[in-house]
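Single-structure report; data block below.
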Number of protein chains: 2
Amino acid sequence: MKKTVGVSPKVNSDLTAKARIRNAAFALYANYGEDATSMRAIAEAAGVTVGLVVHHFRTKDGLREAIEQHIVDLFFGAIEQAPLEGTTPEIAAARDEAVADMLSDNPAVVGYLRRALLDPMGHRGRILEMLTDLTAKQVATLRNVGVASKAQRDSSQVIGVMIRQLGQLFLQPMVDSMWNQLAGPNAAEDDKPLLVVKVQES
Amino acid sequence: MKKTVGVSPKVNSDLTAKARIRNAAFALYANYGEDATSMRAIAEAAGVTVGLVVHHFRTKDGLREAIEQHIVDLFFGAIEQAPLEGTTPEIAAARDEAVADMLSDNPAVVGYLRRALLDPMGHRGRILEMLTDLTAKQVATLRNVGVASKAQRDSSQVIGVMIRQLGQLFLQPMVDSMWNQLAGPNAAEDDKPLLVVKVQES
DNA sequence: ATCAACACTATACGAATGTATAGCATAATA
DNA sequence: TATTATGCTATACATTCGTATAGTGTTGAT
């Protein structure tokens, strides 16, 4: 395997064709959805032919698996690099911020997850399970080091983390769209109402 | 394996074929999305042939327009029948409840709107604009009768109404899915964390 | 230098899609 | 009763889809 230690993953031209294909498909899926994205559109966006897409990923299912694994890697990388020092809320805040930074660096993640998670039952992939598992393992790890608050049940805390980090991102487009229609495009951004999404113990 | 989604055949049996087709398409779109639903699947679910679908709605776009108009009618009908008596918060509560009842009677509305509203950019229909308009007009009407609270700006209140009524419905499946995976299918439902979605003045 | 593995293109095929058209039966209208 | 409109079926067509296959050039190990 050819290594791609170009250290600049943003520059697409330095990437292997396989990575370029995955990135192109990722962006298209995030913007238009998997159903509305053809293999030919992916190939064209990546600057290759359809045959090469099939060669590297075999099927469209394989392509989605690669994309979803990539998303999990991004989450893992973000959480991993958050520092483990300070008080419990400080640690939680640091982890939340690391993930928030990753999401803002990779907008396709938000778009893809919004589409995948709004359809939790019928979705063909397993990205929600994978991310829930990842978050649960992280919470468990923190607990074992004695960091996390033990006041909440495990499940509640995991759900809280996911919803806090993703819920707002999913609903915000709806708020923005309505705000644009109601207040006009040149209204003061400061007046836009603030969206609050959280979960609380029942 | 032929599975009927959403619509009970009893209610369906004395409807016109045109209404049956719209209802079938509505339920399928809500469950699987428009892209994943073929005209032939709609025809089969409605017990007719493809030709009749085309005969009544011309194109797939026409079918979506009919569905979205039907949704607006359902909202309008629900709001219209809410009583205009009592204190301001009582009126607001009555309207919220009327809409909540309608949504619980028509689960396809929730499913359809979840898909349409979480995908505000790529969506081909105009259902978000239509519903925002409808809600805005309702708020204006109440204001003219001197009912609504004037503390909030118009836009904020409209967005608040929409988000309160729909936001939770959209995110709840994600919470449920995670709760199932983390706590198991036979965990006490009472322990499931509560989802909170709201907007506040900035 | 040879040979095998790999990256990649080109073309083709069957299935499924949205839509168009022609025809049939029944009910309304004259 | 004759005619016209309407609800509906059946079939066909062009396009697009995912995927399979065969082939070309290039790289890397022996």
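The values are calculated or read from the model by the stated rules, or taken from the named source; none is laboratory data. Just so it is clear, the model here is predicted, and its values are computed rather than measured. Counting neighbours? That spans all protein chains shown, and the Cβs are built from the backbone with ideal geometry, glycine included. These area figures cover heavy atoms from the full protein model, side chains too; ligands, DNA and RNA do not enter into them. Shrake-Rupley method; radii C 1.70, N 1.55, O 1.52, S 1.80 Å.
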At 7 Å out from Cα toward Cβ: A:S149 inter-copy label distances (nm, ascending)
2.7
Taking Cα atoms only, Rg over Rh for region A:82-168 with Rh from the Kirkwood formula is 0.98
Calculate, in nm to one decimal, what B:Q69 and B:A188 gain on full extension: separation in residues at 0.36 nm each, minus their alpha carbon distance.
38.8 nm
Grab chain B and count how many Lys pairs have their alpha-carbon atoms under 24 Å apart, sequence gap of 8 or more, or different chains.
10
7 Å along Cα→Cβ, label-point gaps from B:D61 to other copies, nm, shortest first
3.5
Please list, ordered by chain and number, the residues whose modelled amide H lies under 5 Å from the amide H of B:V196; skip anything fewer than 5 residues away on the same chain.
A:K198, A:V199, A:Q200
For peptide A:168-175, what's the mean number of Cβ atoms from other chains within 10 Å of each residue's Cβ?
6
For chain B, set up a Gaussian network in which alpha carbons nearer than 10 Å are linked by springs, and say which option among B:P173, B:P83, B:P185 fluctuates the most.
B:P185
Excluding ligands, DNA and RNA, what is the accessible area buried between chains B and A, summed over both sides, using a 1.4 Å probe, to the nearest 100 Å²?
4300 Å²
Full-extension gain between A:N144 and A:E44, please, as 0.36 nm times their residue separation minus the C-alpha to C-alpha distance.
31.2 nm
Nonlocal amide H pairs with B:A82, under 5 Å, H built at 1.01 Å:
none
State the percentage of accessible surface on region A:67-202 attributable to carbon and sulfur atoms; use a 1.4 Å probe and exclude ligands, DNA and RNA.
51 percent
Where the label is 7 Å out from Cα toward Cβ, how close does B:A36 come to the same position in every other copy, in nm, shortest first?
1.6
How shielded is B:66-74 by partner chains, expressed as the average number of their Cβ atoms within 10 Å of its Cβ atoms?
0
Here the convex hull volume per residue of region B:9-58, taken over Cα atoms and given in Å³, is 64 Å³
Per-pair calculated FRET efficiency, R0 = 45 Å: B:A100 and A:Q81 via Cβ, rounded to 0.05:
0.55
In peptide A:106-119, what is the residue-averaged number of other protein chain Cβ atoms found within 10 Å of each Cβ?
3
In the calculated pair distance distribution of region B:16-94, what percentage of Cα-Cα distances lie above 22 Å?
36 percent
Please work out the Cα center distance from region B:144-202 to region B:18-43, rounded to the nearest Å.
28 Å
Enter the per residue convex hull volume of chain A, computed from alpha-carbon coordinates, in Å³ rounded to the nearest integer.
176 Å³
Using the Cα gyration tensor of the protein assembly as shown, with a ≥ b ≥ c the square roots of its eigenvalues, what is the shape: rounded (a/c below 1.5), prolate (a/b larger than b/c) or oblate (neither)?
oblate
Regression test value, accessible area per residue of region B:62-128, probe 1.4 Å, units Å², expected 47 Å²
